[in-house]
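Nothing in this text is a laboratory measurement; each read-out follows from the coordinates by a stated rule. None of these values were measured; they are calculated from a predicted model. For neighbour counting, all protein chains shown are included, and Cβ atoms are generated from backbone atoms with ideal geometry for every residue, glycine included.
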Amino acid sequence: MNLTLISLEIGVALLGVLVLLAGLWTPPNRQHLLGFCTALGLTIVLALLVKQGVAVDPITDSSGGFVLDGLAVFFKALFLLAGILVTLLTMGFSNRLRTAGAEVYALNCFALCGMLFAASANSFVMLFVSIELITITFYVLTSLQSHRLRSLEAGVKYLILGAAASAIMVFGIALIYGSAHTLQFNFIANGLAAGHMKQLLLFQLGALLLLAGLAFKIAAVPFQVWAPDVYQGAPTPVTAFLAIGSKAAGFVLLLRVLYTAFQVQPDGPRLLEPAALLSLMAAATILFGSLCALRQRNLKRLLGYASIASAGYALLGIVALNERGAAAVLVYLAGYLFAIVAAFTVISILTPDDEDEDLSILAELHQRSPMMAVTLTLAVASLAGIPPLAGFIGKFLLLRAVIEPTATFPWLVSVALLGVVASLYYYFGIIREIFWGTGQWWTEKKPESARIKLADSQVVVLLICLLGMLVLGLYPQPLLELATDAVQVLKLAN
Amino acid sequence: MALMLMAVPRENRAVFRWGAILATLGSLVLALFVFAKFEPNTDLTSINHGYAFVQTAEWIPALGISFHVGVDGVSVLLVLMAAIVAFAAACCASGIKAREKEFAILLLLMTGGILGAFMALDIFLMYFLHELALIPTFIMIGVWGRGENREFAAYKTTLYLSLGALLALVGLIMIYLHYETFNLPDIIHRIQADHGDLMTTGQQGLVFALLMFGLGILVGLWPFHTWAPLAYGAAPTATAMMHAGVIKKFGLFMLIRVALPILPDGAQQWLPVLAWLCLGNLLYCGLVAMRQKDLNGLISNSSVAHMGFVFLGIASMTFIGLTGSVMVMVAHGLLAALAFALSGHLHQQARTLDMDKLGGLLTVMPFWGTLLLMAVLAGCGLPGFANFAGEITVFFGAWKTIPLITGIAAWAALVIGAVYMLRAARQLLHGPRADDAPHTDDIPGWHKLPFIILLGALLLFGFAPKLLTNKIETASESLEHVVEMYKRK
């Protein structure tokens, strides 16, 4: 294997190991320096990635299992940015983890490494290994706050359900191998196109099981049960990473598997017709997420349900089965990154140690910290898809992709609209609490009113997120071009 | 030029209250300038034919979206009206005592957004800027609103209006998918070309329904109007003035600007429905207004009822009817702003708007009382006010095509309107003052200015409706084309 091809991944993994080693000799009161170093290291890796740019032709390694093309580069940049933001966010949070110092940063790096591999996966082996790397790291990260029962509970739940999902997925891969005799995406595609596939039923069953495994990653109905519990229980920075990194990894794999390996196209070979299945899934996901979030008072749980709904919206882009839809997924995820990280940053700063993230902690926020109030307001507005923020462009593109005049899913559009209106209701609830909330109205307790002082790293994260949401919302042209270029490799119809 | 008009309201935030007033004054001056200097492009070959002050800049070329603004005979009037109301609203915002800074920012955002939306020639930009103006409404109702109900009002308004906007967005996306561009003059140009590039009839029906009901919710089309009384009852004065006066007109504007020219077949299917629904506005909301005990409830219901005239004008699909619609939009914008400003002043003084508790106000507040009387008379459609000119034009236009509905509307709506308006005037202005009536002061010194401007504009356009019709005349070609397309079958 060509080592220069995976230099970024090696770099990130090495960074993790180095941080882990350095942690041994770093006194506890200076552990936050490690976070700074990790963020710096990741920034350098990101800079290298940007400098390297997108190759004209996709580069693959000799076996063809690893590919470096526009799509991979787009997602790698997304993951690295998420990694940097989450590392900075963890720095402000590390004293609440108690047990851990360097391990958190190292584990973040390892999960990130898995995501980078996922962005380039072009065979089922690479797919499985990268997913396992991400998921296993997250089992540990989720239960890192070992003094909190909720965190442990979340870790165990995630472990059991995640292991089951992996088992199902690996079984699906085995079935696919059994009928296609290869694990590489392009070879499978060739086999399908040439009609060489024997035992077609077996292949279809395998594909179905594989899709189930990926649906678990993006928390789509009916594989969403873990999301709210894990989101609520995990330490907040981990939740943020889970919400964007893990989900985006699921989407890039879904895109590649569907379009590169299975060659799903509206007028392609009619072996698999996942459009109906996926649209059903998208509709159910949107409805489930939106309806469950309506009466939710725990902020992290609310965002957990909301993120289920978001996965449903992003699925709309895949249901469309065209290039616009795929590009829309990319744009949506990029906008989602800034909004969700901003929201979780504010939550992580506000939550008192070991307490529930009830909506009432937001009361008086506009007096306590105008900056956080503004950021959180814009973040939820962006998640709700209100112009002029990044989330609006993403949702707009997704809707546009799915409202083709020829499309047969008018009911899907109606469900999506219903979801958007419901989402306005619960997101508006957050904004209401920020500006005119009265705290815990069921007790005599007055809401906190002391001003909050932000650490530098937190200010940086908030500023980057604010900038990202506004710039992508007001001037999305460069992002659109990048996304459109990135999905070229999927060879989809326009 | 038009670009400057958009930029101005965003930048002045230094000294908040005065900044807001000055900024809106600036845009008013610019709007007057545009109004006076307005001279549409007469070059028939140009794509911007019929528009003036056109500005174009690339925005999101990947999606065929550009920053494209300009005014024609219809939008120039609405821009002027919006600028007048914005200035008046900024003057009336002095009642806001808490967080003035944020209020001023939101008010300017609203003004900038809606002025831009009226000028936008790109459908996406139009929608985008309208949303920008709409969102502050929700926040203002929630934060600075009054009454027990404000949270519920903010919620309900948000949900209703967002649903309306989303339905309209789906319709707009479908238009976009057919034409592959959001550029309005370009689309209309393509339709006017010999082989009109139209969507199929079925598609047009669907898109028109989406736009009609989506925008209808924004305007308060019966039976989707229930958010309006609640919202205006809870909104702070300046917000109610801006929303009822200006932002609500956007839905109608977009119907005339986008839906009618692009979807003639869809219009044929749905306008008869609209004609009957507008009776719902005129009669039902009028009757509801009659039973109101609260002045704000009365004004908001009557403002929803007045929208019926505009819908009637649109449904008539005659040039005269459309002209009347635009005139009513302008007149009603000024009137609604005036009425809400008056009730806002009363609320500030008396802390109540319950008409049973108030009475004989003409003796204590002569200036306010006179203004209210004028506003009431304008609301009844008395000659001399711009409303009369608009409503009578609508009736003239509509009589030709839908005489039955016009007849019902003319008889019933005007009588009902007169009943509730005059009842309000009697209860508030005349009669004995109750012993426990709260102390009220008249409008002091310079605060009279916005009221005078609004009333002055109403009277000016009432006595010289030519000022309005002359401008609309310049857009007659495009309006008449709309009518022709509609009658083609």
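Sequentially through the stretch B:313-322, phi angles give Karplus couplings (6.51, -1.76, 1.60; θ = phi - 60°) of x, 5, 5, 5, 6, 10, 4, 5, x, 5 Hz, Gly and Pro residues having no value and appearing as x. Taking all Cα pairs closer than 8 Å and separated by 6 or more residues, the relative contact order of the stretch B:197-335 comes to 30 percent.
Relative to the Cα centre, what is the charge dipole magnitude of chain A, using +1 at the beta carbon of each Lys and Arg, -1 at the beta carbon of each Asp and Glu, and rounding to the nearest 20 debye?
Working: 27 positive and 25 negative charges, 84 e Å.
The dipole of chain A has a size of about 400 debye.
For chain A, the longest piece that avoids every one of the trypsin sites (Lys or Arg not before Pro) found in DSSP loops with at most 16 other C-beta atoms within 10 Å covers A:298-444.
Explain nothing, just the number: relative contact order of chain B, from Cα pairs under 8 Å at least 6 residues apart, as a whole percent. Display every interim value, and only then the final one.
Working: 860 pairs, mean separation 76.6, N = 489.
This gives 16 percent for chain B.
To the nearest 0.05, what FRET efficiency results for residue A:43 and residue A:182 with a Förster distance of 45 Å applied to their C-beta separation? That pair, residue A:43 with residue A:182, gives E of 0.70.
What is the Cα centroid distance between the stretch A:91-148 and the stretch B:330-402, reported in whole angstrom? Between the Cα centre of the stretch A:91-148 and that of the stretch B:330-402, the gap is 66 Å.
Please check chain A for the longest run free of chymotrypsin sites (Phe, Trp or Tyr not before Pro) that are loop-located per DSSP (anything but H, G, I, E, B) and have at most 16 other Cβ atoms within 10 Å.
On the way: sites that count: A:441, A:442.
Longest gap between qualifying sites, sites excluded: A:1-440.
In order along the stretch A:180-189, the Karplus-derived 3J(HN,Hα) couplings, from 6.51 cos²θ - 1.76 cosθ + 1.60 at θ = phi - 60°, round to 9, 6, 7, 10, 7, 4, 5, 5, 4, 4 Hz, and Gly and Pro are given as x. For the protein assembly as shown, the Kirkwood hydrodynamic radius from C-alpha pairs, put into Stokes-Einstein at 4 °C and a viscosity of 1.567 mPa s, yields a diffusion coefficient of 43 µm² per second.
Radius of gyration (Cα atoms) of chain A, expressed as a multiple of 2.2 N^0.38 Å: 0.93. Between the stretch A:366-436 and the stretch B:223-276, the alpha-carbon centres lie 23 Å apart.
Here the Karplus relation 6.51 cos²θ - 1.76 cosθ + 1.60, evaluated at θ = phi - 60°, turns the backbone of the stretch A:380-394 into coupling constants of 6, 5, 5, 4, 6, x, 9, x, x, 9, 4, x, 5, 4, x Hz, with x for every Gly and Pro.
Could you tell me which of the pairs A:453/B:156; B:400/B:471; A:76/A:198; A:157/A:247; A:76/A:217 are separated by over 25 angstrom between their Cα atoms in the structure shown? Those over the limit are A:453/B:156; A:76/A:198. Take each residue of peptide B:62-71, count the partner chain Cβ atoms within 10 Å of its Cβ, and average: the result is 2.
Each of B:449, B:184, A:383 was scored by other Cβ atoms within 10 Å of its Cβ. Listed from fewest to most, they are B:449, B:184, A:383. Remark: C-alpha extents of the stretch A:274-494 on the principal axes read 58, 34, 26 Å, sorted largest to smallest.
Mind listing which GluC sites (Glu not before Pro) in the stretch B:83-183 are in a DSSP loop and have 13 or fewer other Cβ atoms within 10 Å?
Values: sites: B:100, B:102, B:131, B:148, B:151, B:180; in loops: B:148, B:180.
Answer by residue number: B:148, B:180.
Proximity of backbone amide H atoms, modeled 1.01 Å from N, is registered between residue B:65 and B:60 at under 5 Å, excluding neighbours fewer than 5 places apart on the same chain.
Within a 10 angstrom radius of each residue's Cβ in B:162-169, how many Cβ atoms of other chains show up on average? Whole number is fine. Show your work: numbers first, answer last.
Values: counts 10, 5, 0, 2, 9, 3, 0, 8.
If you average over the peptide's residues, the count of other-chain Cβ atoms is 5.
Rounded if a/c is under 1.5, else prolate if a/b is larger than b/c, else oblate: which is the stretch B:89-163, with a ≥ b ≥ c the root eigenvalues of its Cα gyration tensor? In terms of gyration-tensor shape, oblate. Helix A:410-436 and the longest principal axis of the C-alpha atoms of chain A enclose an angle of approximately 20°. Per residue of chain A, the DSSP helices (runs of n ≥ 4 H) give a summed -39500 (n - 2.57) that works out to -23500 deg cm²/dmol at 222 nm. Going by a ≥ b ≥ c, the root eigenvalues of the Cα gyration tensor, does the stretch B:363-478 fall in the rounded group (a/c under 1.5), the prolate group (a/b larger than b/c) or the oblate group? Cα axes put the stretch B:363-478 in the oblate bin. Using a cut-off of 32 Å between Cα atoms, the listed pairs B:249/B:466; A:51/B:101; A:395/B:248; A:395/B:293 include A:51/B:101; A:395/B:293 as exceeding that distance. Relative contact order of the stretch A:1-98: what whole-number percent is it, with Cα pairs under 8 angstrom and at least 6 residues apart? After rounding, I find 34 percent. Going by a ≥ b ≥ c, the root eigenvalues of the Cα gyration tensor, does the stretch B:2-487 fall in the rounded group (a/c under 1.5), the prolate group (a/b larger than b/c) or the oblate group? Here the stretch B:2-487 falls in the prolate category. Would you work out which of B:124, B:207, B:250 lies farthest towards the positive end of the dipole of chain B? Charges go on Cβ: Lys and Arg +1, Asp and Glu -1. Highest projection toward the positive end goes to B:250. Taking the C-alpha atoms only, the angle from helix B:264-279 to the longest principal axis of chain B is near 20 degrees. Where does helix A:200-218 land angle-wise versus the long Cα axis of chain A, in degrees 0 to 90, nearest 10? The answer is roughly 10 degrees.
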